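First up is the structure itself, then whatever we jot down about it.
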C-alpha cells in the first residue's frame, strides 16, 4: 500500500475526516455513528472552548484518492501548566488494518507534536481527558455507550507496532438493573439515616446555577486523578449545553450533609440507542426516527460521574458511595431502564472497582491509553 498523509485544511477535508469512520465500520453491527452536525461543530474553533487553551491539527491517510485512515495531534496548554510533563496528545485514530498506514499516521502526529516542543505523545484523547478516551482492547461484542469509543480489535496491535506502549487501562462496567443485594440495602439505609444528610435532584429550572455547583465539585473531587485537568466554567457550560436535551434531572442528584455539598452523581440516558443506525444523518428521515425512539423511551443509561468530596469519604459516611449507587438504581428502575454502563474507572482505582463489583457490576470493556517518547 502506497500511503501519503495530508493535513485537514478546509471544509472538504474536514468532512472527509468526520465521515471516514462511517465507511470503515459499515459492516460492524456494533458501530454507532456520531451525528455529523455535532462532530463538525466539535472541530469548529469558534464553537468548541478547547481551542481557547489548546491547538490541534487533523490528518488523513490517503491511498491515491481513497482515505484509509485519520488521526489528530493536539496540545492542551492547561494540561502542560498543571502537569509540566511536555506531553502532547493524539486522538481520533481510525485506520484500515494496515501497519504502514497506521505507522505513517502515528509518525506524522508525533512529528507535529515534536515540532511544538513536546517530549511525549499520549492517547488517544478526543481531545481531552474529559472527552472520549482510549482504544478498546477488550469487549468488542457490544455497542458503545454514549460518549465512549468503539473500534476494531486490530487497533491496539497497529498502535503497538507503530511504537506506542500501554500507560494506563480504563474499565467500563455492565450493570443489569435487577435486584439489589441485602448487604447493599442495609449499608445504604444506615448511611441515609446519617444526621443532616439529604439528596436533591438536579434542578433544570436553575440550570446555570446547578452547572456551577457541579463544576466546583467536579474540580475538587477529581483533582488527584491520573491525567486530570480542571474544567473551566466555559467548558463545563459547553458540555452541559450539549447534553441538556437528553439530561434527565431525576438521574442526576446532589448529596448534602448539613446543607454542605458532599457528593454528586450523573447518569445519562444512553443517547447512542437513539442514533444507532442513522449513519450520522438527521435528514431526510433520521430526525423522525430519533424523535420516535426518544418518545418510546431508552432502555439503558450510562453512569458517567459519581464523586464524593474527601471530607465525606470515611468514618460514619464510609458507605456513602453504596447509598448513591442504591439511589441511582432506584431511580433507574422508576424510569424504566433495564441496563446501565458505569464508565470509566482507572484500572488501579481498587476502592471504586471493588465497590462496583459489590453492587453487582461486571467489567465488560477495557480501554487502553498509549504513550511514546518523542
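The values are calculated or read from the model by the stated rules, or taken from the named source; none is laboratory data. Quick caveat, the model's predicted, so the values are computed rather than measured. With ideal geometry, Cβ positions are generated from the backbone for all residues, glycine too; neighbour counts draw on all protein chains shown.
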### Query
Residues that are under 30 Å from residue 234 (Cα atoms) and without any contact (Cβ under 8 Å) to a residue 40 or more places away in the chain: which strands (runs of 3 or more DSSP E) entirely in the stretch 53-110 hold 2 or more of them?
87-95
### Query
Do you know which residues across the stretch 178-229 are assigned to a loop (DSSP other than H, G, I, E, B), within 30 Å of residue 168 (Cα to Cα) and out of contact with any helix residue (DSSP H, G or I) (no Cβ under 6 Å at 6 or more places or on another chain)?
222, 223, 224, 225, 226, 227, 228
### Task
Identify all residues within the stretch 65-78 that are crowded, with 16+ Cβ neighbours inside 10 Å and touching a strand residue (DSSP E or B) at 6+ places or on another chain (Cβ under 7 Å); write none if there are none.
67, 68, 69, 70, 71, 72, 73, 74, 75, 76
### Query
So which residues in the stretch 341-355 are under 20 Å from residue 183 (Cβ atoms) and within 18 Å of the chain's Cα centre (by Cα)?
342, 352, 353
### Query
How many residues does the stretch 98-127 contain that are within 24 Å of residue 364 (Cα to Cα) and out of contact with any strand residue (DSSP E or B) (no Cβ under 6 Å at 6 or more places or on another chain)?
0
### Query
Here are 59, 92: which of them is closer than 19 Å to residue 170 by Cβ, modelled with pLDDT of 95 or more and in contact with a strand residue (DSSP E or B) (Cβ under 8 Å, 6 or more places away or on another chain)?
92
### Query
Does residue 255 qualify as being surrounded by 16 or more Cβ atoms within 10 Å (Cβ to Cβ) and assigned to a loop (DSSP other than H, G, I, E, B)?
no
### Query
What residue, among those in the stretch 195-227 that are farther than 20 Å from residue 304 by Cα and in contact with a strand residue (DSSP E or B) (Cβ under 7 Å, 6 or more places away or on another chain), is surrounded by the most Cβ atoms within 10 Å (Cβ to Cβ)?
197
### Task
Being more than 25 Å from the chain's Cα centre (by Cα) and modelled with pLDDT under 90 is the filter; apply it to the stretch 297-317 and report the residue that is nearest to residue 266 (Cα to Cα).
314
### Query
In the stretch 117-153, what residues are farther than 27 Å from residue 236 by Cβ and either part of a loop (DSSP other than H, G, I, E, B) or without any contact (Cβ under 8 Å) to a residue 24 or more places away in the chain (or both)?
117, 119, 139, 140, 141, 142, 143, 151, 152, 153
### Query
Would you say residue 354 is in a helix (DSSP H, G or I) and without any contact (Cβ under 8 Å) to a residue 60 or more places away in the chain?
yes
#### Entry: Residue check for residue 291: part of a loop (DSSP other than H, G, I, E, B), farther than 29 Å from residue 196 by Cα and out of contact with any strand residue (DSSP E or B) (no Cβ under 8 Å at 6 or more places or on another chain)
no
### Summary
All-but-one check, residue 45 against (1) touching a helix residue (DSSP H, G or I) at 6+ places or on another chain (Cβ under 7 Å); (2) closer than 15 Å to residue 92 by Cα; (3) without any contact (Cβ under 8 Å) to a residue 24 or more places away in the chain, failing number (2)
### Query
Taking the stretch 1-34, which residues are within 19 Å of residue 125 (Cα to Cα), part of a loop (DSSP other than H, G, I, E, B) and in contact with a helix residue (DSSP H, G or I) (Cβ under 7 Å, 6 or more places away or on another chain)?
8, 32, 33
### Task
Scan (1) over 29 Å from residue 41 (Cβ atoms); (2) loosely packed, with under 15 Cβ neighbours inside 10 Å for the single condition residue 250 breaks and write down its number.
(1)
### Message
The conditions are (1) free of Cβ contacts under 8 Å to residues at least 60 places away in the same chain; (2) assigned to a strand (DSSP E or B); (3) under 23 Å from residue 25 (Cβ atoms), and residue 301 fails exactly one of them. Which is it?
### Response
(3)
